[in-house]
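Bear in mind that the values in this text are calculations on the coordinates, not laboratory data. Since this is a predicted model, take the numbers as computed values, not measurements. For neighbour counting, all protein chains shown are included, and Cβ atoms are generated from backbone atoms with ideal geometry for every residue, glycine included.
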Amino acid sequence: MSVETTSPTTNQQPATTIHKKIKSICCIGAGYVGGPTMSVIAQKNPDIKVTVVDLNEQRIADWNDADLSKLPIFEPGLDAVVEEARGRNLFFSTDVNQAIAEADMIFISVNTPTKTYGAGKGMAADLKYVELCARQIAEVATSDKIVVEKSTLPVKTAQAIKSILDNTGNGVKFQILSNPEFLAEGTAMTDLANPDRVLIGGDQTPEGKAAIQSLVDVYGAWVPQAQIITTNLWSSELSKLVANAFLAQRVSSINAISELCEATQANVEEVARAIGMDSRIGPKFLKASVGFGGSCFQKDILNLVYISKSLGLNEVADYWEQVIIMNNHQRDRFANNIVSTLYNTVSGKKIAFLGWAFKKDTNDTRESAAIYVADRLIDEQAQIYVYDPKVSAKQMQADLNYLSTRTETENAKYLQTQTDPYKAVEGAHAIAVLTEWDEFKSYDWQKIYDNMSKPAFVFDGRNVLNQEALEAIGFQVQSIGK
Ligand SMILES: NC(=O)c1ccc[n+]([C@@H]2O[C@H](COP(=O)([O-])OP(=O)(O)OC[C@H]3O[C@@H](n4cnc5c(N)ncnc54)[C@H](O)[C@@H]3O)[C@@H](O)[C@H]2O)c1
Ligand SMILES: O=c1ccn([C@@H]2O[C@H](COP(=O)(O)OP(=O)(O)O[C@H]3O[C@H](CO)[C@@H](O)[C@H](O)[C@H]3O)[C@@H](O)[C@H]2O)c(=O)[nH]1
């Protein structure tokens with residue numbers, strides 16, 4: 001491997017040791033983060049070979065499919081970047097060992113879900129996949145490597161990774177960096193192309209700073225230096241959990257206010273606008289909703305709560321846990337309101353769901369509020385008919401089966417999928433909007449009304465529809481916080 005010196009460019013501690021110019025990157029985990037992130041790194045650094053590996057053979061086959069509509073992840077703009085870089089310097093493979101052996105820098109971008117067993121069950125992050133990666137790297141590596149934590153991890157994880165890597169006894173030297181990812185699904189490609197900031201944490205030793213500089217150079221290909229911030233390892237690991245906790249806290253805060261608005265005839269959208277214009281508060285992340293979903297917020301806040309509890313910081317733990325409690329309440333409240341509005345029974349009634357994904361412009365359904373609302377309504381024996389433009393019937397059934405205690409056959413009796421939205425709503429007693437897909441706004445709502453059972457109810461869990469226009473047609477509409 002060639003070693004080149006470049007001028008120090010970080011905005012904090014300049015690197016004093018000669019740092020490696022990265023020629024080959026391996027990313028373990030070809031999911032919602034690994035796939036898009038590595039596609040952009042490869043696109044912007046044509047001289048670096050980037051190989052994304054995964055154990056999941058189907059996922060890798062889909063990443064390699066000539067038909068770009070088959071990519072395993074739906075993300076606006078992703079297909080064009082993959083088309084540009086794939087086969088040039090971007091590769092997707094199941095050969096994890098070969099990619100590790102070849103790489104100067106290895107990103108760990110595997111899933112870190114909430115533990116479902118043992119100590120910390122339901123709260124702590126399950127780090128078994130991360131540990132397996134560390135062990136595999138330790139076993140396979142024959143040359144020095146920079147290992148980058150891209151997955152979201154509890155603070156101090158780098159210590160564990162270091163301990164595994166440093167005890168191989170084969171003389172290979174490792175540097176561990178933390179480089180958490182802040183992209184949001186649905187806007188991943190623009191978030192990656194124009195990040196608010198890139199965060200890189202590393203050891204504050206000459207070798208650690210040199211490793212940081214190597215990664216700064218990779219991002220420096222397109223991110224302005226002022227937006228690349230470097231810190232110690234622990235600040236970087238912790239900042240990721242804190243960023244998500246603060247974002248989710250804003251959603252739970254405005255959702256708490258939405259209930260107060262409903263009880264007082266205030267309008268949550270007016271309140272959000274009024275407070276958001278205070279520049280200290282700001283307008284973003286104040287959209288009241290049926291509750292936040294996604295694979296990150298709940299898991300990362302629970303993880304923060306668990307870490308705080310483990311350190312004996314009970315008040316800190318309780319403070320952040322309230323964000324989750326409020327979110328659970330908002331989902332329950334939405335479902336219970338449907339039942340009480342439909343004359344306290346939904347048994348045998350048809351309820352149409354518009355949307356199943358946890359937000360628009362993604363096919364990801366992890367922790368989507370729709371799953372919880374469906375489960376609650378099925379407890380009341382409602383018949384749910386779902387339309388989502390990007391989520392498959394198989395995925396919807398799998399989501400419900402994972403959450404509910406009913407048998408798969410029973411769930412399948414209550415949950416139907418429709419690929420035509422007009423079919424989904426035909427004869428329905430109520431429509432519930434669970435995802436804010438843009439296309440819902442331009443439907444022929446008169447036609448929908450004509451084909452529904454009367455009175456026809458709409459429960460807009462995302463405040464995306466024009467309430468006055470629907471009411472003029474004859475719908476009875478309930479939005480969040482109005
Ligand atoms: N999804 C997001 O928007 C987002 C954003 C920022 C950070 N994160 C974090 O990034 C990490 C990855 O999230 P994701 O949404 O991409 O998860 P994901 O489940 O979509 O992808 C993870 C992939 O890793 C693979 N994998 C697991 N163990 C492996 C191993 N030992 N070898 C090879 N492959 C292995 C899995 O098969 C899977 O395809 C998580 O820690 C998450 O918290 C996610
Ligand atoms: O005002 C708002 C904003 C969001 N949401 C909901 O909150 C959830 C999360 O949305 P968003 O944050 O946009 O999506 P994620 O892809 O989960 O991204 C979050 O989680 C990622 C994983 O850690 C981080 O990288 C991102 O920075 C962080 O925004 C979704 O259900 C949204 O519908 C609201 O209800 N109201």
If you take the charge dipole of the chain about its Cα centre, with +1 on Lys and Arg Cβ and -1 on Asp and Glu Cβ, which of Asn463, Asn194, Gln159 is farthest toward its positive end?
Gln159
Rounded to whole angstrom, the alpha-carbon centroid of region 59-78 lies from that of region 325-365 at a distance of 30
Amide H contacts of Val477 (H built 1.01 Å from N, under 5 Å, at least 5 apart or other chain):
Val458
Relative contact order for region 24-223 using alpha-carbon pairs under 8 Å, separation at least 6, rounded to a whole percent?
21
Computed [θ] at 222 nm, deg cm²/dmol, the chain (DSSP H ≥ 4; -39,500 (n - 2.57); rounded to nearest 500):
-13000 deg cm²/dmol
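Let me check I have the definition right: for region 248-407, take the eigenvalues of the Cα gyration tensor, multiply each by 5, take square roots. What are those semi-axes in whole Å, largest first?
28, 21, 16
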So, relative contact order of the chain in percent, Cα under 8 Å, 6 or more apart, is 12
Take each complete run of DSSP H in the chain, measure how far its Cα atoms stretch along the helix's own axis, and keep only those covering 27 Å or more with mean Kyte-Doolittle hydropathy at least -0.5; list them.
233-264
Which of the peptides 294-303, 182-191 is most tightly packed, and how do the rest follow, going by the mean number of other Cβ atoms within 10 Å of each residue?
294-303, 182-191
Could you pull the Rg and Dmax for region 153-265, using just the Cα atoms, both in Å?
18.6, 69
Least to most buried among Asp438, Asp203 (fewest other Cβ within 10 Å first)
Asp438, Asp203
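With the Cα gyration tensor of region 24-223 in hand, convert its eigenvalues to equivalent ellipsoid semi-axes via √(5λ) and list them largest first in whole Å.
Square roots of five times the eigenvalues give 25, 20, 17 Å.
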Take every Cα pair under 8 Å in region 330-479 that's 6+ residues apart, average their separations, divide by the length, and report that relative contact order as a whole percent.
24
Bins of 20 Å, starting at 0 and running to the largest distance - Cα pair percent for the chain
22, 52, 24, 2
Give me the dipole magnitude in Debye, nearest 20, for region 24-223 about the Cα centre, with unit charges on the beta carbon: positive for Lys and Arg, negative for Asp and Glu.
580
Largest-first principal axis extents, alpha carbons of region 325-482, Å:
41, 34, 32
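Kindly rank 278-286, 315-323, 131-139, 353-361 from highest to lowest mean number of other beta carbons found within 10 Å of each residue.
Ranking the peptides 278-286, 315-323, 131-139, 353-361 by packing returns 353-361, 131-139, 315-323, 278-286.
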³J(HN,Hα) computed for each position of region 46-53 - Karplus, 6.51 cos²θ - 1.76 cosθ + 1.60, integer Hz, glycine/proline x:
x, 8, 9, 7, 10, 10, 9, 10
Report, in debye and to the nearest 20, how large the dipole of the chain comes out about its Cα centre when Lys and Arg carry +1 and Asp and Glu carry -1 on their Cβ.
520
For the ranges 27-34, 330-337, 344-351, what's the packing order if you count other beta-carbon atoms within 10 Å of each residue, average per peptide, and put the highest first?
27-34, 330-337, 344-351
Sort Thr205, Thr341 so that the residue with the fewest other Cβ atoms within 10 Å of its own Cβ comes first and the one with the most comes last.
Thr205, Thr341
Once the dipole of region 333-482 is set up with Lys and Arg at +1 and Asp and Glu at -1 on Cβ about the Cα centre, which of Val386, Ile338, Ser479 lies farthest towards its positive end?
Ile338
